[in-house]
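Written out below as structure tokens is the structure these notes cover.
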Amino acid sequence: MPSSPSSPPDFTLIGGGIVGACLAEELSDSGASVRVLDSGAEPGHATNRAAGVAVPSLRYLTDREFYDWLRTAKRDLDADVARLEPEYGAFSVARPILRALRETDVEAHGDVLSGLGVGDWVEGGALAQAAPGLKLPTSRRYLLDPDGLMIDGRRYLDAVRRRCLARGVDWRQGVTVREVREEGAAVSVVTSDGTLRADRVVITAGAWSSGKGLAEATGVRPQRGQMAVLRTDEELNCILSSAYYLAPGVGDDVIVGATEEDTGFAEHVTTQGIAHLLRFATTVMPGLADSVPVELRAGLRPVSGTGRPLAGALPGHERIFLSAGHAGHGLLSARATGKGMAAGLVGDDWEALPYSMCPSHALDGAS
């Protein structure tokens, strides 16, 4: 329920991207009063630039606890799609995902992949049927999973935010948070609009979470991801995941992404980055040579030193928490993170979040 003007809310969230929005909804659904402070003119600065493959990445296979959590996150996201799209409009595209793997990866993880049941190996005529119009190198092995998914970040965030507003969340745009101070039984949040009080604060500011006055010691940093949106008459009936990805977008365009660049807060696209993406796109799908680039986009993913999100109490604090560092799977795992964080914040039950995501554990140097 909303807080009264004279009393601070149960929770103040700093950052209105998809991670903060999902947490705000989960907390409000538990009966808590929630305020969201976002510095942008519109919500979700980084989320609005995100449109990616929302399935667990095989790069996490060696960490089974985390990989299994990502698989649970996919089910939570599927439930969000089914729940929100009928009311707020489409923000997803479901297509089979074709993963192109190096032979060395197959040798290292082939047995695990078969045991997990994440798809079937395809080759020869079956490969051509699964991916018509694609020119795929024979030096790779291909795994076809029927449960691929693309998510448009802007549309997904809009749906969750509208749900939050309907639940009475006090959502404020254009408010810059300059400092968070734990003071006894409450937290002071120093903002561009003055100092606000909160019972507890959760920093959900993505790549900006470790900024001055926030969670500085956590080392969450930005990683730039560039992508291109192409308008074409060519049909793409699967998601191709390789060095980059090629996928259908919600608006029937084709999306090619995404780079992974440690360039600080430089958020612009570059000739070199876009050239790499377009070369990949036209090599694997020659029909795209006549496509029209309708949007070139760059966003900043939040990454942590462990390569895992940080979700839990900020070390040394009892009333300040963190939920950031989701790297390239924020759209995939925002709902699962929100559910796990809400269970911990409201009921002190943190079991749904992998231990590797605990900020104290991560900052102790554990991997």
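Here r is the Cβ-Cβ distance between D78 and R140 and R0 is 30 Å; the resulting FRET efficiency, rounded to 0.05, is 0.60. Residues in the chain average 43 Å² of solvent-accessible surface per residue, probe 1.4 Å, ligands and nucleic acids excluded.
Of interest is the spacing of the C-alpha centroids, which for the range 147-197 and the range 295-366 amounts to 16 Å.
Note on H317 and R178: their simple-model spin labels are 1.8 nm apart, each label 7 Å out from Cα toward Cβ. Contact order, relative form, for the range 82-154: 55 percent (alpha carbon pairs under 8 Å, 6 or more residues apart, mean separation divided by residue count). Taking a point 7 Å from the Cα of R197 along the Cα-to-Cβ direction, none of the residues of the range 13-33 has its backbone N closer than 12 Å to it. Summary of the geometry: the range 213-278 and the range 70-119, compared by the centres of their Cα atoms, lie 18 Å apart.
Shape call for the range 92-224 from the C-alpha gyration tensor, a ≥ b ≥ c root eigenvalues: rounded (a/c under 1.5), prolate (a/b greater than b/c) or oblate? Verdict is prolate for the range 92-224.
Database remark: amide H of Q223 closer than 5 angstrom to the amide H of R301, V303 (H placed geometrically; neighbours at sequence offset of 5 or more, or on other chains; Pro and chain starts carry no H). Charged side chains reduced to their Cβ positions (Lys and Arg at +1, Asp and Glu at -1) give the range 142-226 a dipole of some 240 debye around its Cα centre.
In this calculation the C-beta distance from E123 to E85 is compared with R0 = 51 Å, giving a FRET efficiency of 0.90. Out of every Cα-Cα pair that the chain contains, those further apart than 33 angstrom amount to 29 percent. Using every alpha carbon pair in the range 155-226, what percent of pairs falls into each 5 Å bin from 0 up to the bin containing the largest distance? Whole-percent P(r) values from 0 Å outward: 3, 13, 19, 22, 20, 16, 6, 1, 0. If you take the beta carbon distance between N237 and F265 as r and set R0 to 35 Å, what does 1/(1 + (r/R0)^6) give as a FRET efficiency, to the nearest 0.05? So the FRET efficiency works out to roughly 0.40.
Bridgeable lysines around K74 (alpha carbons under 28 Å apart, same-chain partners fewer than 8 residues away excluded): K339. Translational diffusion of the range 40-84, estimated by Stokes-Einstein from the Kirkwood radius over alpha carbon pairs at 10 °C in a medium of 1.306 mPa s, is 128 µm² per second. Along the range 137-151 the Karplus relation, 6.51 cos²θ - 1.76 cosθ + 1.60 evaluated at θ = phi - 60°, assigns HN-Hα couplings of x, 6, 7, 10, 9, 10, 10, 10, 10, x, 9, x, 8, 10, 10 Hz to successive residues, with x for each Gly and Pro. Set the Cα radius of gyration of the range 221-367 against 2.2 N^0.38 Å, with N its number of residues, and you get 1.28. Close amide H partners of G52, meaning residues 5 or more places away or on another chain with modelled amide H under 5 Å apart, are I151, G153. For the range 68-112, applying the loop criterion from DSSP together with a ceiling of 16 other beta carbons within 10 Å to the trypsin sites (Lys or Arg not before Pro) yields R102. Taking Cα atoms of the range 218-259, Rg/Rh with Kirkwood Rh, to two decimals? With Rh from the inverse mean 1/r over Cα pairs, Rg/Rh is 1.12. Taken about its Cα centre, the chain carries a charge dipole of about 520 debye when Lys and Arg each add +1 at the Cβ and Asp and Glu each add -1 at the Cβ.
Can you list the DSSP H helices in the chain whose Cα atoms extend at least 15 Å along the helix axis and whose mean Kyte-Doolittle hydropathy is -0.5 or higher?
On the way: long enough: 18-29 (16 Å, 0.89); 64-88 (35 Å, -1.14); 103-116 (18 Å, -0.12); 153-166 (20 Å, -0.70); 271-284 (20 Å, 0.64); 330-347 (25 Å, 0.71).
Flagged H segments are 18-29, 103-116, 271-284, 330-347.
Peptides 220-232, 285-297 ranked from most to least packed give 220-232, 285-297, packing being the mean of other C-beta atoms within 10 angstrom over each peptide's residues. Each eigenvalue of the Cα gyration tensor of the range 201-298, multiplied by 5 and square-rooted, gives one semi-axis; in descending order these are 32, 14, 11 Å.
The values are calculated or read from the model by the stated rules, or taken from the named source; none is laboratory data. In this text, all values refer to a predicted model and were calculated from it rather than measured experimentally. Here the Cβ is made from the backbone with ideal geometry for all residues, glycine too, and neighbour counts use every protein chain on show. Accessible surface areas use protein heavy atoms only, side chains included; no ligands, DNA or RNA. Shrake-Rupley method; radii C 1.70, N 1.55, O 1.52, S 1.80 Å.
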